[in-house]
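Chemist: Below are the structure tokens for one structure; questions will follow.
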Amino acid sequence: MLTKRIIPCLDIKNGRTVKGVNFVDLKDAGDPVELAKKYTETGADELVFLDISATEERRTTLVDLVRKIAGAINIPFTVGGGISSVEDVDILLKNGADKISINSSAVKNPNLINEIASKYGSQCVVVAIDAKQIENNWMVHLVGGKVATKLNLFDWAKEVEQRGAGEILFTSMNNDGTKNGFANQALAKLSETVNIPIIASGGAGSMQHFAATFIDGKADAALAASVFHFQEIEIPELKQFLRSKKIDVRI
Amino acid sequence: MKIAIIDYGAGNVQSVLFALERLGFQGILTDDWNEIKTADKVIFPGVGEAGTAMKKLSDKGLAALIPTLKQPILGICLGMQLMCKSTQEGNTKGLGIFNVEVIKFTNQVKVPQMGWNMIYNLQSPLFEGIQEEEFMYLVHSFYASKCDESIATTNYETEYSSALQKNNFYGVQFHPEKSGTAGEQILKNFLQLTTDY
């Protein structure tokens with residue numbers, strides 16, 4: 001039985017983890033490699049690293065970091081943030097990233113999805129979609145939800161699947177940061193709309209939220225940041241809980 | 001020990017190199033016939049599209065070389081699929097080492113299968129120390145059916161071959177280099193295989 005995946009997400013700025021991390025037993029909680037190891041050991045199924053640096057040297061720093069992470073951990077990881085060309089993808093994959101995630105660049109240049117998929121295969125193309133529900137319509141947003149587009153979430157999801165995306169990472173801007181649970185209705189509809197795996201993101205606050213997104217939201221994986229970073233939810237405990245709810249997880 | 005990793009421009013061979021490093025071995029990424037022939041172990045990795053990959057292998061003359069190799073060789077993911085008779089992906093003819101066709105999952109399930117799934121019916125020294133129903137990381141849209149050469153199976157839509165073996169040729173559909181400590185154990189077992197067939 002294919003299991004549901006639990007994916008901690010790390011925000012990276014200039015090679016360091018940001019957005020607050022609160023591990024008491026880590027020597028350097030800002031070091032993404034240390035954190036990655038910690039999550040791997042506690043049973044994370046995959047990791048996502050989102051680079052939010054804006055400096056000129058960002059690419060070199062990121063590539064260096066990807067190499068270190070790939071050397072240190074033995075589970076798959078995705079790298080996203082600022083990827084806008086096949087060359088960007090090339091260097092990240094060559095240095096050990098398993099998948100790359102594209103967001104705004106895919107909206108601006110949808111053909112990028114086709115190019116990456118045909119060169120490296122769909123399995124490494126994650127298309128991240130941020131959407132906000134406005135008057136019953138789920139609209140795609142860019143720049144972390146700040147910029148609205150005219151794209152409807154479900155139309156865009158269908159298009160990225162057709163263009164060769166291997167997976168969709170859907171973040172609901174309505175739920176993100178609320179800790180009130182994932183956008184399960186939209187997630188379930190996404191699963192009916194496309195036939196590629198869906199990662200739920202935005203809103204995780206309790207273990208019950210994870211169970212709900214797998215059952216009601218039909219999600220294939222669930223991603224969260226702060227609940228893991230601040231140790232509000234421990235992965236081993238979460239997986240035991242999910243198993244008690246008859247959800248298949250890797251323990 | 002000399003470990004050759006076949007270089008035909010397939011994506012992400014770095015993970016395999018890193019996994020070997022964690023086990024204390026240094027792999028050589030190469031497309032050189034002599035390097036490959038004289039290696040103690042050969043790893044045939046692969047992600048991407050079958051037709052393109054097969055063309056690259058043929059262009060480099062590697063498609064002719066691989067079936068003649070005498071040392072233990074391990075195909076991973078697409079590498080394993082290309083060792084089969086044929087694959088539906090791009091209607092590609094394979095290397096014909098394993099007598100099985102590679103076909104696509106239907107849309108009754110999400111395609112690709114992506115994530116951790118169990119391997120069972122383990123029947124090979126490759127799985128020494130690995131328990132039945134161990135989890136492995138898989139990403140694939142096509143699969144090899146269950147056959148005489150199956151040495152492990154997995155269930156997704158149907159029970160299929162998640163590992164194959166014929167003489168010195170081994171193939172795994174999952175990614176041992178990305179499957180935690182159990183995956184590393186499988187790689188270690190492969191490196192310990194003898195050439196006595």
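The values are calculated or read from the model by the stated rules, or taken from the named source; none is laboratory data. Because the structure is a prediction, the values reported are computed rather than measured. Please note: Cβ atoms are built from the backbone with ideal geometry, for glycine as well, and neighbour counts cover all protein chains shown. Calculation scope for accessible area: heavy atoms of the full protein, side chains included, ligands and nucleic acids excluded. Shrake-Rupley method; radii C 1.70, N 1.55, O 1.52, S 1.80 Å.
Chemist: Could you work out the mean count of beta carbons from other protein chains within 10 Å of each residue's beta carbon in B:111-121?
Modeler: Partner Cβ neighbours, averaged per residue: 6.
Chemist: Can you give the charge dipole size of the range A:5-244 about its Cα centre, rounded to the nearest 20 debye, using +1 on the beta carbon of Lys and Arg and -1 on the beta carbon of Asp and Glu? If you can, show how the numbers build up before the last one.
Modeler: Details: 25 positive and 30 negative charges, 29 e Å.
With Lys and Arg at +1 and Asp and Glu at -1, about 140 debye.
Chemist: Another one. Where the Cα atoms of chain A are projected onto their three principal axes, how long is each span, largest first, in whole Å?
Modeler: Result for chain A: principal-axis Cα extents of 46, 43, 34 Å.
Chemist: Ranked from the most accessible area to the least, with a 1.4 Å probe and all protein chains present, what is the order of A:251, A:69, B:28?
Modeler: Output order, biggest surface exposure first: A:251, B:28, A:69.
Chemist: Residue by residue through A:70-79, how many Cβ atoms from other chains fall within 10 Å of the Cβ on average?
Modeler: For peptide A:70-79, the averaged partner shielding equals 6.
Chemist: Using the Cα centre as the reference, give the magnitude of the dipole from point charges on the C-beta atoms of the range B:3-191 (Lys, Arg: +1; Asp, Glu: -1; all else neutral), rounded to the nearest 20 debye.
Modeler: Numbers: 15 positive and 20 negative charges, 75 e Å.
Here the range B:3-191 has a charge dipole of around 360 debye.
Chemist: Heavy atoms only, 1.4 Å probe, whole protein assembly: order A:3, A:42 by accessible area, highest first.
Modeler: Order by accessible area, largest first: A:42, A:3.
Chemist: For a bin width of 5 Å, list the pair-distance distribution of the range A:132-251 built from all Cα-Cα distances, rounded to whole %.
Modeler: 2, 11, 21, 23, 20, 12, 8, 3, 0
Chemist: Counting only other chains, and only Cβ atoms inside 10 Å, what mean value do you get across the residues of A:2-9?
Modeler: Average per residue, whole number: 3.
Chemist: Below 16 Å, Cα to Cα, which aspartates and glutamates can residue A:158 reach? Residues fewer than 8 away in the same chain don't count.
Modeler: Excluding near neighbours in sequence, the set is A:130, A:167, A:192.
Chemist: Among A:204, A:82, A:182, flag the residue with its Cα farthest along the positive direction of the charge dipole of the range A:5-244, charges on Cβ as +1 for Lys/Arg and -1 for Asp/Glu.
Modeler: Among A:204, A:82, A:182, the one farthest towards the positive end of the dipole of the range A:5-244 is A:82.
Chemist: Using a 1.4 angstrom probe on heavy atoms only, work out the carbon and sulfur share of the accessible area of the range B:3-191 in %.
Modeler: Its accessible area is 45 percent carbon and sulfur atoms.
Chemist: Can you tell me what share of the DSSP beta bridges in chain B is antiparallel? A percent to the nearest 5 is fine.
Modeler: Here the antiparallel bridges make up roughly 60 percent for chain B.
Chemist: Here's something else I'd like to know. Taking residue A:245 as the anchor, which lysines have their alpha carbon closer than 25 Å to its alpha carbon, excluding any fewer than eight residues away along the same chain?
Modeler: Within the straight-line limit of under 25 Å, residue A:245 reaches these lysines: A:4, A:179, A:189, A:218, B:110.
Chemist: In whole angstrom, how long is each semi-axis of the equivalent ellipsoid of the protein assembly as shown, when you take the square root of 5 times every eigenvalue of its Cα gyration tensor and sort them from largest down?
Modeler: Square roots of five times the eigenvalues give 35, 23, 22 Å.
Chemist: Net charge around residue B:142, counting only other residues with Cβ within less than 15 Å of its Cβ (Lys, Arg = +1; Asp, Glu = -1)?
Modeler: Result for the local shell: +1.
Chemist: While we're on this one: Helix-derived [θ] at 222 nm for the protein assembly as shown: sum -39500 (n - 2.57) over DSSP H runs of at least 4, divide by residue count, nearest 500? List each step's numbers first, then the result.
Modeler: Numbers: 16 runs with 138 residues, N = 448.
Estimated from H runs of four or more residues: -8500 deg cm²/dmol.
Chemist: Based on the inverse mean of 1/r over its pairs of different Cα atoms, what is the Kirkwood hydrodynamic radius of the range B:3-191, in Å?
Modeler: Numbers: mean 1/r = 0.0618 Å⁻¹.
Evaluated over the range B:3-191, this radius sits at 16.2 Å.
Chemist: Roughly what % antiparallel, to the nearest 5, for the DSSP beta bridges in the protein assembly as shown?
Modeler: In the protein assembly as shown, DSSP labels about 45 percent of beta bridges as antiparallel.
Chemist: Would you mind telling me the antiparallel percentage of the DSSP bridges in chain A, rounded to 5?
Modeler: Of all bridge pairs located within chain A, approximately 25 percent are antiparallel.
Chemist: I would also like to ask the following. Students often forget the sequence filter, so: which aspartates and glutamates lie under 16 Å Cα-Cα from residue B:55 once same-chain residues fewer than 8 apart are removed?
Modeler: Of all the aspartates and glutamates, those that pass the test against residue B:55 - Cα under 16 Å, at least 8 places apart if same chain - are B:7, B:31, B:89.
Chemist: Sticking with this structure for a sec: Once you keep just the Cα pairs under 8 angstrom separated by 6 or more residues, what percentage relative contact order results for the range A:5-244?
Modeler: On the way: 488 pairs, mean separation 39.8, N = 240.
RCO, the range A:5-244: 17 percent.
Chemist: Net charge near residue A:249: determine it from the other residues with C-beta under 9 Å of the C-beta of residue A:249, scoring Lys and Arg +1 and Asp and Glu -1.
Modeler: For residues surrounding residue A:249, the net value is +3.
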